[in-house]
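Peer 1: Before we start, here is the structure in question, set down as structure tokens.
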Amino acid sequence: MNEDKKVVLAYSGGLDTSVMIAWLKEKYGLEAIAVLVDAGRASRLEELRQKALSIGAAESIVIDAREEFAHDFVLPSLAANALYEERYPLVSALSRPLICKLLVGVAHKAGAVAVAHGCTAKGNDQVRFDLGIRALDPSLEILAPAREWGMTREQALEYAVAHDIPVPLKKDSPYSIDENLWGRAVECGPLEDPWQEPPGDAYAVTCAPEAAPDEPAYLEIGFEAGEPVSLNGSEMPMVDLIDRVDGIGAAHGFGRIDMIENRLVGIKSREVYETPGALALIMAHRDLEDLVLPRDLSHFKRSLERKFADMLYNGGWFDPLMVALRAFMEETQRRVSGTVRLKYYKGSCKVVGRKSANSLYDLGLATYGGGDIFSHEAAKGFCELFGLPLEVWARKER
Ligand code: ARG
């Protein structure tokens, strides 16, 4: 009886979300509108779009959201130097709110009653989808078939075959992979043993550090109010810029992360990431901030960056606290303009130079050579008063 009720499905083209198109119809009588969001590094888009239609999707849409992802999600996250547990640049966490926004937009246009995603019960992504969709439109029903159908990989394959859904021809990769402009996340398979070194085939973007060129490479990144705008002096759109920085790091074996991560749902998991662009840009951006932000602002900002990363990781992009944090971060970026020079060498990337018209570095104050303008006499009095409470305490202590 629900014949023409519609559900908007976050479709990736993989086995699970393909099966979902048929399953949503069978189980709920819902017509699926498949939405494939390209947040960077997506491939075979038209083929996957057609595949959804062949399975029986009422509509199949590909949305090129790379620009929006770069400007509305990556950029604020870069402003906050966001790294979860000081290491992970939040690749998947960042794309989820974008996808939610696009799904809800399609749902409104199409008059859909529900939104569906392919996340399982054990990950963070389900939380991000559920919270994101509820924040944007609490009246939409949220369906997460993979959370309720209890199918194993084999059962999903059987279901696909029984329903004429194309299945992968070559043997499946053992990994679960999520990828976008900001990086690549790899889980499962042999990585589930935290003692085992990630096999070479876990990596698809970066070369092994030992195979990287023996010559170092330098790269100059120009920032304008916190936004990376140029490489080696030539300006380019942010999407291209991130791509290029990614490519340079990848070629030098930089950007691999192998970590034990605390998921929101209580599980510790072993995660591998390849994020040469994100890590280099955060490193450069942070370094430039050290040059142009005054101490108190910088220290306070660092303490909020952690909160920002946690909120983002935990699916809180649309939370009012997050909105306020973003406003704070944005305000701090006004003078974050300048150039940072990076040096890549066999798996490492380091900042080796920075300059800015807004630099607070004053050679006259810092130098130990000639031309010193720092007031040495004032320092004596400063130490006297600064240490006074400690001295008073020490006298009593003796
Ligand atoms: N652990 C990371 C996160 O929670 C990556 C998740 C990647 N998702 C995936 N389907 N492989 O953000």
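Peer 1: For the stretch 185-215, what are the residues that are within 16 Å of the ligand (Cβ to nearest atom) and charged (D, E, K, R)?
Peer 2: If the condition is that a residue be within 16 Å of the ligand (Cβ to nearest atom) and charged (D, E, K, R), then 187, 192, 201 are the ones that fit.
Peer 1: Condition first: in contact with a helix residue (DSSP H, G or I) (Cβ under 8 Å, 6 or more places away or on another chain) and closer than 16 Å to residue 99 by Cβ. Can you find one or more residues in the stretch 149-159 that meet it?
Peer 2: Within the stretch 149-159, none of the residues are in contact with a helix residue (DSSP H, G or I) (Cβ under 8 Å, 6 or more places away or on another chain) and closer than 16 Å to residue 99 by Cβ.
Peer 1: Quick one: which of 159, 218 is open to solvent by 80 Å² or more (accessible area, probe 1.4 Å), of a type in the set (Phe, Trp, Tyr) and more than 16 Å from the ligand (Cβ to nearest atom)?
Peer 2: 218
Peer 1: Among the candidates 231, 293, 312, 241, single out the residue that is more than 16 Å from the ligand (Cβ to nearest atom) and under 18 Å from residue 69 (Cα atoms).
Peer 2: Going through 231, 293, 312, 241 in turn, just one is more than 16 Å from the ligand (Cβ to nearest atom) and under 18 Å from residue 69 (Cα atoms): 241.
Peer 1: Condition first: in contact with a Pro (Cβ under 9 Å, 6 or more places away or on another chain) and among the acidic types (Asp, Glu). Now tell me which residues in the stretch 152-198 satisfy that.
Peer 2: None - no residue of the stretch 152-198 is in contact with a Pro (Cβ under 9 Å, 6 or more places away or on another chain) and among the acidic types (Asp, Glu), so the list stays empty.
Per-residue answers, yes or no, for (1) part of a helix (DSSP H, G or I); (2) touching a strand residue (DSSP E or B) at 6+ places or on another chain (Cβ under 9 Å); (3) within 16 Å of the ligand (Cβ to nearest atom):
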| residue | (1), (2), (3) |
| --- | --- |
| 41 | no, yes, yes |
| 53 | yes, yes, no |
| 67 | yes, no, no |
| 73 | yes, no, yes |
| 76 | yes, no, no |
| 94 | yes, yes, yes |
| 103 | yes, yes, no |
| 122 | no, yes, yes |
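Peer 1: For the stretch 14-29, name all the residues that are more than 32 Å from the chain's Cα centre (by Cα) and either touching a residue at least 40 places away in the same chain (Cβ under 8 Å) or open to solvent by less than 10 Å² (accessible area, probe 1.4 Å) (or both).
Peer 2: 27, 28
Peer 1: Moving on. Any residue at all in the stretch 259-278 that is within 16 Å of the ligand (Cβ to nearest atom), open to solvent by 50 Å² or more (accessible area, probe 1.4 Å), among the charged types (D, E, K, R) and out of contact with any Leu (no Cβ under 7 Å at 6 or more places or on another chain)?
Peer 2: Yes: the stretch 259-278 contains one or more residues that are within 16 Å of the ligand (Cβ to nearest atom), open to solvent by 50 Å² or more (accessible area, probe 1.4 Å), among the charged types (D, E, K, R) and out of contact with any Leu (no Cβ under 7 Å at 6 or more places or on another chain).
Peer 1: Which condition does residue 58 not pass, out of (1) over 21 Å from residue 7 (Cα atoms); (2) open to solvent by 30 Å² or more (accessible area, probe 1.4 Å), if it passes all the others?
Peer 2: (1)
Peer 1: Next up: So, of the residues in the stretch 127-144 that are open to solvent by less than 20 Å² (accessible area, probe 1.4 Å) and within 15 Å of the ligand (Cβ to nearest atom), which turns out to be nearest to residue 25 (Cα to Cα)?
Peer 2: 144
Peer 1: Let me ask you something else. Here are some residues: 375, 359. Which one is in contact (Cβ under 8 Å) with a residue 60 or more places away in the chain and either of a type in the set (Ser, Thr, Tyr) or open to solvent by less than 90 Å² (accessible area, probe 1.4 Å) (or both)?
Peer 2: 359
Peer 1: Could you give every pair whose Cβ atoms fall below 9 Å, whose first residue belongs to the stretch 162-188 and is open to solvent by 50 Å² or more (accessible area, probe 1.4 Å) and hydroxyl-bearing (Ser, Thr, Tyr), and whose second residue is more than 9 Å from the ligand (Cβ to nearest atom) and not in a loop (DSSP other than H, G, I, E, B), counting only separations of at least 6 or pairs across chains?
Peer 2: 173/189; 173/201; 176/189
Peer 1: Scan the stretch 312-325 for residues that are out of contact with any strand residue (DSSP E or B) (no Cβ under 9 Å at 6 or more places or on another chain), under 16 Å from residue 134 (Cα atoms) and surrounded by 15 or more Cβ atoms within 10 Å (Cβ to Cβ) and report the count.
Peer 2: Counting residues in the stretch 312-325 that are out of contact with any strand residue (DSSP E or B) (no Cβ under 9 Å at 6 or more places or on another chain), under 16 Å from residue 134 (Cα atoms) and surrounded by 15 or more Cβ atoms within 10 Å (Cβ to Cβ) gives 7.
Peer 1: Now for a different question. With respect to residue 239, determine if the residue is in a strand (DSSP E or B) and in contact (Cβ under 8 Å) with a residue 12 or more places away in the chain.
Peer 2: no
Peer 1: Quick one: residue 114 ticks every box in (1) more than 20 Å from residue 142 (Cα to Cα); (2) open to solvent by less than 50 Å² (accessible area, probe 1.4 Å); (3) out of contact with any Pro (no Cβ under 9 Å at 6 or more places or on another chain); (4) not polar (S, T, N, Q) bar one, so which box is it?
Peer 2: Exception for residue 114: condition (1).
Peer 1: Follow-up. Are there any pairs with C-beta distances below 9 angstrom linking a residue in the stretch 296-307 that is under 15 Å from residue 330 (Cα atoms) to a residue that is polar (S, T, N, Q), with the two at least 6 apart or on different chains, and if so which?
Peer 2: Listed by first residue and then by second, the contacts come to 297/332; 298/332; 301/81; 301/332; 302/81; 305/81.
Peer 1: Name the single residue, out of those in the stretch 162-184 being more than 11 Å from the ligand (Cβ to nearest atom) and among the charged types (D, E, K, R), that is farthest from the chain's Cα centre (by Cα).
Peer 2: 164
Peer 1: Residues in the stretch 145-156 that are within 16 Å of the ligand (Cβ to nearest atom) and loosely packed, with under 15 Cβ neighbours inside 10 Å: how many?
Peer 2: Selection size over the stretch 145-156: 1.
The values are calculated or read from the model by the stated rules, or taken from the named source; none is laboratory data. Keep in mind that this is a model prediction, so the values were computed, not measured. A quick note on method: Cβ atoms are made from the backbone with ideal geometry, for glycine too, and the neighbour counts reach across all protein chains shown. To get the accessible areas, we keep the full protein, side chains included, count just its heavy atoms, and leave off ligands, DNA and RNA. Shrake-Rupley method; radii C 1.70, N 1.55, O 1.52, S 1.80 Å.
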